[in-house]
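Please read the structure below before turning to the comments.
The values are calculated or read from the model by the stated rules, or taken from the named source; none is laboratory data. As the structure is a prediction and not an experimental result, all values here were calculated from the model. Because the Cβ atoms are built from the backbone with ideal geometry, glycine has one as well, and the counts that use them run over all protein chains shown.
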Amino acid sequence: MSQRSNALADSLEAGARALAEFASTLTDEEWQSRLPEGRKVGVVVNHVATVYPIEIQFAHSIAAGTPAGITMPDINQMNAGHAQDNDATTKEETLKLLADNSAAAAAEIRSLTDAELDSAAPVPLYGNASLTCQFILEDHAVRHSYHHLARIQAGLARRASA
């Protein structure tokens, strides 16, 4: 295991842990409340947990030099479908999924070599810019829980002050 891959995995685990710790304190009303974007808080937490395997697959494709042809419309469609399919997700099942999928994602990240982290390929999602596997991990799997935790906290704070 490389120091870099271990540090990335540690960061992913810390973000997932922070999201899980916050989500575990939410009331049922907060879990069901809608964020300004329209999705329920619980659906967003479930979304983070659900997409870890997809984000890791995306990073592996970059490491192999064959990036997936993912575009923003693809992501928007996936997110909308996920929100519809998981509207009734429970906190218990979501927190288990978050724990399981973040642990699996961290293990996959730890398996990457420095050469794989440095591999780059053109990425359609970024206008075909040549990006490294490490960047994809940082901008997707590692950042995802931090990003959504901040948005959830801001959305709930806005609701509370309204």
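Below are the figures for this structure:
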| read-out | value |
| --- | --- |
| Residue tally, condition in contact with a strand residue (DSSP E or B) (Cβ under 9 Å, 6 or more places away or on another chain) and farther than 30 Å from Thr25 by Cβ, over region 126-162 | 8 |
| Residue ID - farthest from Asp114 (Cα to Cα), chosen from residues in region 1-33 that are without any contact (Cβ under 8 Å) to a residue 40 or more places away in the chain and not in a helix (DSSP H, G or I) | Thr27 |
| Looking only at region 137-156, and only at residues there that are among the aliphatic types (A, V, I, L, M) and over 8 Å from the mean Cα position of the chain (by Cα), the one that is farthest from Ile109 (Cα to Cα) | Leu156 |
| Selection count where residues are in contact with a His (Cβ under 9 Å, 6 or more places away or on another chain) and either at positive phi or free of Cβ contacts under 8 Å to residues at least 40 places away in the same chain (or both), scope region 34-58 | 1 |
| Hey, Ser61 touching a residue at least 24 places away in the same chain (Cβ under 8 Å), farther than 15 Å from Phe135 by Cα and of a type in the set (S, T, N, Q) or not | no |
| Subset of region 118-162 that is surrounded by fewer than 16 Cβ atoms within 10 Å (Cβ to Cβ), of a type in the set (S, T, N, Q) and over 25 Å from Leu98 (Cα atoms) - its residue that is modelled with the lowest pLDDT | Ser161 |
| Check on Gly65, small (Gly, Ala, Ser) and touching a strand residue (DSSP E or B) at 6+ places or on another chain (Cβ under 6 Å) | yes |
| Search result, residues across region 56-95 that are closer than 24 Å to Glu29 by Cα and surrounded by 15 or more Cβ atoms within 10 Å (Cβ to Cβ) | Asn79, His82, Ala83, Asn86, Thr89, Lys91, Thr94, Leu95 |
| Of residues in region 31-55 being more than 20 Å from Val142 (Cα to Cα) and surrounded by fewer than 18 Cβ atoms within 10 Å (Cβ to Cβ), the one modelled with the lowest pLDDT | Glu37 |
| Filtered residues of region 58-83 (kept if in contact with a helix residue (DSSP H, G or I) (Cβ under 9 Å, 6 or more places away or on another chain) and either among the polar types (S, T, N, Q) or outside any helix (DSSP H, G or I) (or both)) | Ser61, Ala64, Pro67, Ala68, Gly69, Ile70, Thr71, Asn79 |
